[in-house]
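Since the structure comes first, as structure tokens, the remarks are kept for the end.
The values are calculated or read from the model by the stated rules, or taken from the named source; none is laboratory data. Bear in mind that the values here come from a model prediction, so they are computed numbers and not experimental data. A quick note on method: Cβ atoms are made from the backbone with ideal geometry, for glycine too, and the neighbour counts reach across all protein chains shown. For accessibility, only protein heavy atoms count, side chains too; no ligands or nucleic acids. Shrake-Rupley method; radii C 1.70, N 1.55, O 1.52, S 1.80 Å.
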Amino acid sequence: MALSNKIITTVAALGLLAGGAWLGQQLGSDNSATLVGDASRYNNNANAGLGAGTRLDATVGASGSGKTIDVYNGESIQAAVKRAAPGDIIRVFPGEYKETVYIDKDDIWLTGVIQGGKWPVLEGEHKLNDAVLYSGNNITVENLRITHYKGNAVMGQAGNNFLIRNNHVIDTGVYGIFPQLGKNGLIERNILSGIEDAAIYVGMCDNIHVNNNEVFANVAGIEIENTRHAIVENNKVYNNTGGILAFITPGLPIKTAYDIIIRNNFINDNNHVNFGAPGSIVAGVPSGSGIVVMAADQVTIEGNIISNNKNIGIVVTDHHSFSNITIDPESDPTSDQVAILDNVMFNNGYEPIKEIAAYKLANLINDDVDIINVGDSKDSCILDRGKYVGLGLGDYGTCNFSDTSGTVAYLLAEPAEPHPFSEEDKGKMAYYGICSGCHAYNVRMIGPPVQIIQALYMENPEGLAEYIANPVKKREDYPEMPAQDYLAPEMRLAVAKYMLGVDNQGRFNDPALNQNQ
Amino acid sequence: MMRLTTRLAALLALSGLATGALASEFQLSEQCPPSFERTTDNSCRLHSLYDQYNSLYGRGVGGLKTALPSRRDGFSPQQIDLGRFLFFDPLLSADNSLSCASCHHPDLGFADGRATALGVGGAKGHRGAPSLWNMAFLTRFFWDARASSLEAQMQGPLYAPEEMGTNPAQLLQKLNANDAYRAMFEQAFPNADQYITLDQIYTAIAAFETSLVSLNSPYDRYAHGHHQALSEPEIEGLNIFRSFVARCAECHTPPLFTNQQIAVIGIADGEGNLPDEGAGAVFNNPSWRGGFKVPSLRNIARTAPYMHNGMFDSLKDAARFYTLGRGHALNDKEKSNTVLHWHIWEPKLTDAELDRLVDFMNTLTDEQFTPAIPNKLPSGLKPVGALPPALSSPVARNN
């Protein structure tokens, strides 16, 4: 329960310096006459994908083009996933399922069927780690009630075009919904509670939309971390320790978070005691914090109703000021170009942590503070500072734009696709990546030279592809070839065609570099 | 450098030092190693099935079907092959006793099986010798990440008194005095000055190191879609590995199984002390005190013992470290001075889960493209030189 917070320790230290040069400068600064930002910033936003009138789920989720596999109470969802092919829909009927479901395939639609108000429940019994893990692209996970897992309810690793909606996540470990390293994803209409880090945690992603979710009684409600082009809107975020977070967490391979819109959310009563794991970054979030921006850039906060958060409505801070934070030389530690547009803020900051109280005292502010900025924040702005009680906002200019309505979503207009590779490219990859360890063009390595294989199969790539999958021993003086059936059929055919088509341009390998002499 | 080599050449001509094997015995390969295509400009380009995927910002981190990070390739086959001879030649050490392979032996996963490395005259190093597999994809070298290129890295072990103990002048003198090496360098660097330079030596060894590619493990077959490549216990291990309870995959991120970041995990020496400041000292970053580079786990089953100081003999012990609790190895004073990585917590993994993690880590083994140790070296010395104890004596490991 690390409520004591270095951020704020810094603030306290500054408070003691009241009357000192730095503080005097801050108190005296008034940048309100400066217009900040391009007036058409959100009308000409090149990163915005979907226009008005397009369904948000137009480019995310599974296609549903395949067959339907039904899973009933007492059966295994994972068994169905194993049987499924891309395009298939797995329907999970009401019942209790005690398993971890992993989806290492593309285009799988995992959907719960709700009958008579009864849901399919994934029950982790406080023993299982994660409920749903996916690595494929175009995965849909919906209509599931997930409870009592130790790790995450839904975790994605590098899957693009994901759709996670209409799930109930209750008392489920570290994170609730946690897509990571994916591009183009929609998280909507989920209800999450009792998560000891962030209920919805978007990590190292791009082009994300999080809308119409209800998150309560978690440490952090919704966290956008090391992610770009994200919108968090129309969510109900209450009774968490911290409501909505936009962070750059240091030490991760993706180093930035920017172009984030937090708009039209209810962010209320986020006064839950912090029950984050010791050492976790959210363990440093003081109870009663509505929106926390740490090191993220171009965060625009608009149209939110932010009320009854006892510590602060909005805090903008940096890596130097936050507790438990490692300094990463490759991450910019400050929150720059933050824009606070029109929000409704009421009854925030009525019981601030002592460091903020000291900061107020030093600034001769008696009122409850809605918004505080700690540390440097370049080119940030506030649209109408008269609406709020602010602290540390002297350097903020006045925003030169008033709304974000020109940007509907950052979701992509077309699904994110893997690299387009021709058949020849794929054959080349497989040949060099795998086959070249044993087969050179015109010299004997572990297997016969490609020239000999060409003589045998020149007009018959299909035959060679079949042999690759199911080899038989042909030559007494060579070892038997291991089956390469792990390569997909189209990859086997591609490599067969490549091997039969290639000539000796010196592209093959030296046996001396490979054989054990 | 030019002046030095010119002076050396004059010295060599006067002293008649030129020795070694016959140049004609050593013809460098014109073919690229497995996985590499020789292009029309005589450079070797790596191909891998991972090329068919993307990764965010080209960082090469993510899930199963994620591209690798950008790689260093494009060396000529002759440079790679020359590097192979240099790598295995004890001529590169001060007393002709140790080659690069003495601490990075192919039979030990390109490590040496020791807790900390051994140098000339039995000198003892401070940290363990890391594996050299898949160096082409790395951007930071040494446990403390102090070098940003292979060329910069290799000057550490070459010139450190407790490692190979040579110096630039001695290195140039020995190689320039060797007719066979002179001829081989001419093959590998056809348009260069007639005397071998340090840069050429570094380039050739880096070329060889970047050719050590291990991307065809059972795990890789699974990643590319052949789900039968892993057994049920191995898949269970994969799921534990990537779950956010164990959190292994957060730092050992597929497909390279490192995110190439610095992590402070709270490994101690002795009485809970943390005498090795690691990256904290190098980068003058107190929050990295005790921090080290996250190593790749590829071929990890071959490179015991584990951690920068080799304190764990088995993968299970190494995995168990993470489940014994946040900062458990540090004394209270060290703990309060150390900014432990936030992923280090108390996952409370069961003994069976640790076994499954080991099962999974074993699936990352692939040594199909292990290069051959040369039969004979231009120096006339025995290839490799002093063998790591694990190879020279079955009971000597870790002494």
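Quick check on the stretch A:304-312. Is at least one of its residues of a type outside the set (D, E, K, R) and within 24 Å of the chain's Cα centre (by Cα)?
Checked the stretch A:304-312: at least one residue is of a type outside the set (D, E, K, R) and within 24 Å of the chain's Cα centre (by Cα).
Do you know which of the residues in the stretch B:33-55 that are small (Gly, Ala, Ser) and more than 7 Å from every other protein chain (Cβ to nearest Cβ) is least open to solvent (accessible area, probe 1.4 Å)? Let's see the steps before the verdict.
In the first step, residues of the stretch B:33-55 are kept if they are small (Gly, Ala, Ser); the result is B:35, B:43, B:48, B:55.
Then keep just the ones that are more than 7 Å from every other protein chain (Cβ to nearest Cβ); that gives B:43, B:55.
Values: B:Ser43: 7, B:Ser55: 26 Å².
Among those that are small (Gly, Ala, Ser) and more than 7 Å from every other protein chain (Cβ to nearest Cβ), it is B:Ser43.
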Residue hits (the stretch B:56-65; more than 7 Å from every other protein chain (Cβ to nearest Cβ) and surrounded by fewer than 23 Cβ atoms within 10 Å (Cβ to Cβ)) are B:Gly58
Could you go through the stretch A:262-280 and let me know if any residue there is closer than 19 Å to A:Val36 by Cβ and crowded, with 23+ Cβ neighbours inside 10 Å.
yes
Please find, within the stretch A:172-191, the residue that is nearest to the other protein chains (Cβ to nearest Cβ) out of those that are under 14 Å from the mean Cα position of the chain (by Cα) and β-branched (Val, Ile, Thr).
A:Ile177
Among (1) open to solvent by less than 30 Å² (accessible area, probe 1.4 Å); (2) touching a helix residue (DSSP H, G or I) at 6+ places or on another chain (Cβ under 7 Å); (3) away from chain B (no Cβ under 14 Å), there is one condition A:Thr326 misses while meeting the rest; what is its number?
(3)
Of those in the stretch A:138-151 that are modelled with pLDDT of 95 or more and open to solvent by less than 10 Å² (accessible area, probe 1.4 Å), the residue nearest to the other protein chains (Cβ to nearest Cβ) is A:Tyr149
Could you list all residues from the stretch A:23-75 that are open to solvent by 70 Å² or more (accessible area, probe 1.4 Å), at positive phi and modelled with pLDDT under 95?
A:Gly53
Among the candidates A:Val121, A:Val169, residue that is under 25 Å from B:Phe241 (Cα atoms) and away from chain B (no Cβ under 14 Å)
A:Val121
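Within the stretch A:91-108, which residues are in a strand (DSSP E or B) and open to solvent by 30 Å² or more (accessible area, probe 1.4 Å)?
Once the filter is applied, which keeps residues that are in a strand (DSSP E or B) and open to solvent by 30 Å² or more (accessible area, probe 1.4 Å), the stretch A:91-108 yields A:Arg91, A:Glu96.
Could you say which residue among B:Ala281, B:Ala319, B:Ala304 is surrounded by 22 or more Cβ atoms within 10 Å (Cβ to Cβ), more than 23 Å from B:Ser243 (Cα to Cα) and out of contact with any strand residue (DSSP E or B) (no Cβ under 6 Å at 6 or more places or on another chain)? Can you show your working first?
On the way: B:Ala281 fails: surrounded by 22 or more Cβ atoms within 10 Å (Cβ to Cβ); B:Ala319 fails: more than 23 Å from B:Ser243 (Cα to Cα).
Checking each option against the conditions leaves just B:Ala304.
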Cβ pairs under 8 Å, 6+ apart or interchain, first in the stretch A:400-422 and within 11 Å of another protein chain (Cβ to nearest Cβ), second among the small types (Gly, Ala, Ser), ordered by first then second residue, are A:His419/B:Ala67
Where B:Ile235 falls short, out of the listed (1) under 27 Å from A:Ala131 (Cβ atoms); (2) surrounded by fewer than 23 Cβ atoms within 10 Å (Cβ to Cβ); (3) touching a Pro at 6+ places or on another chain (Cβ under 8 Å):
(3)
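Listed here are the residues, each with its yes/no results for (1) over 14 Å from the mean Cα position of the chain (by Cα); (2) of a type in the set (Phe, Trp, Tyr).
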{"position": "B:Gly165", "(1), (2)": "yes, no"}
{"position": "B:Ala183", "(1), (2)": "yes, no"}
{"position": "B:Asn191", "(1), (2)": "yes, no"}
{"position": "B:Thr203", "(1), (2)": "yes, no"}
{"position": "B:Phe208", "(1), (2)": "no, yes"}
{"position": "B:Ser211", "(1), (2)": "no, no"}
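Just to verify a result, which residue in the stretch A:329-348, among those that are among the charged types (D, E, K, R) and more than 23 Å from B:Gly291 (Cβ to Cβ), is farthest from the other protein chains (Cβ to nearest Cβ)? Explain how you work it out, then say what you get.
Step one: filter the stretch A:329-348 for residues among the charged types (D, E, K, R), giving A:330, A:332, A:336, A:342.
If we keep only those that are more than 23 Å from B:Gly291 (Cβ to Cβ) as well, we get A:336, A:342.
Details: A:Asp336: 20, A:Asp342: 33 Å.
This residue is A:Asp342.
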State yes or no: is A:Leu133 part of a strand (DSSP E or B), within 14 Å of chain B (Cβ to nearest Cβ) and open to solvent by less than 10 Å² (accessible area, probe 1.4 Å)?
yes
Which one of B:Thr210, B:Thr203 is touching a helix residue (DSSP H, G or I) at 6+ places or on another chain (Cβ under 7 Å), within 29 Å of B:Lys293 (Cβ to Cβ), crowded, with 24+ Cβ neighbours inside 10 Å and more than 8 Å from every other protein chain (Cβ to nearest Cβ)?
B:Thr210
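Aromatic (Phe, Trp, Tyr), at pLDDT 90 or above and in contact with a Ser or Thr (Cβ under 8 Å, 6 or more places away or on another chain): is that true of B:Phe85 in this structure?
Values: aromatic (Phe, Trp, Tyr): yes; at pLDDT 90 or above: yes; in contact with a Ser or Thr (Cβ under 8 Å, 6 or more places away or on another chain): no.
Criteria not met by B:Phe85.
Report the residue count in the stretch A:246-267 for those that are within 14 Å of another protein chain (Cβ to nearest Cβ) and of a type outside the set (Phe, Trp, Tyr). Let's see the steps before the verdict.
The first filter runs over the stretch A:246-267 and keeps only residues within 14 Å of another protein chain (Cβ to nearest Cβ), leaving A:247-258.
Restricting the remaining residues to those that are of a type outside the set (Phe, Trp, Tyr) gives A:248-257.
Within the stretch A:246-267, residues that are within 14 Å of another protein chain (Cβ to nearest Cβ) and of a type outside the set (Phe, Trp, Tyr) number 10.
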From the residues in the stretch A:230-271 that are part of a strand (DSSP E or B) and charged (D, E, K, R), which one is nearest to A:Asp328 (Cα to Cα)?
A:Asp259
State which residue is farthest from A:Lys497 (Cα to Cα) when the search covers only the stretch A:426-477 and only residues that are away from every other protein chain (no Cβ under 14 Å) and hydroxyl-bearing (Ser, Thr, Tyr).
A:Tyr467
Are there any pairs, at least 6 apart or on different chains, whose C-beta atoms fall under 7 Å, with the first in the stretch A:192-215 and closer than 16 Å to A:Asn264 by Cβ and away from chain B (no Cβ under 11 Å) and the second open to solvent by 10 Å² or more (accessible area, probe 1.4 Å) and basic (Lys, Arg), and if so, which?
A:Asn212/A:Arg189; A:Asn213/A:Arg189; A:Glu214/A:Lys236
Are any of the residues in the stretch B:108-116 of a type in the set (Val, Ile, Thr), out of contact with any helix residue (DSSP H, G or I) (no Cβ under 8 Å at 6 or more places or on another chain) and farther than 23 Å from B:Phe292 by Cα?
no
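Is it the case that the stretch A:303-316 has a residue that's within 14 Å of chain B (Cβ to nearest Cβ) and within 24 Å of A:Lys387 (Cβ to Cβ)?
First, pick out the residues of the stretch A:303-316 that are within 14 Å of chain B (Cβ to nearest Cβ): none.
Scanning the stretch A:303-316, I find no residue that is within 14 Å of chain B (Cβ to nearest Cβ) and within 24 Å of A:Lys387 (Cβ to Cβ), so the answer is no.
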Does any residue in the stretch A:139-156 that is farther than 16 Å from B:Phe244 by Cβ come within less than 6 Å, Cβ to Cβ, of a residue that is hydroxyl-bearing (Ser, Thr, Tyr) and in a strand (DSSP E or B) six or more places away or on a different chain, and which pairs are these?
A:Glu142/A:Thr111; A:Asn143/A:Thr111
Quick one: A:Leu500 ticks every box in (1) modelled with pLDDT of 85 or more; (2) within 13 Å of chain B (Cβ to nearest Cβ) bar one, so which box is it?
(2)
If I filter the stretch A:424-432 for residues that are open to solvent by 40 Å² or more (accessible area, probe 1.4 Å), farther than 20 Å from A:Asp297 by Cα and either of a type in the set (Phe, Trp, Tyr) or not in a helix (DSSP H, G or I) (or both), do I get at least one hit?
no
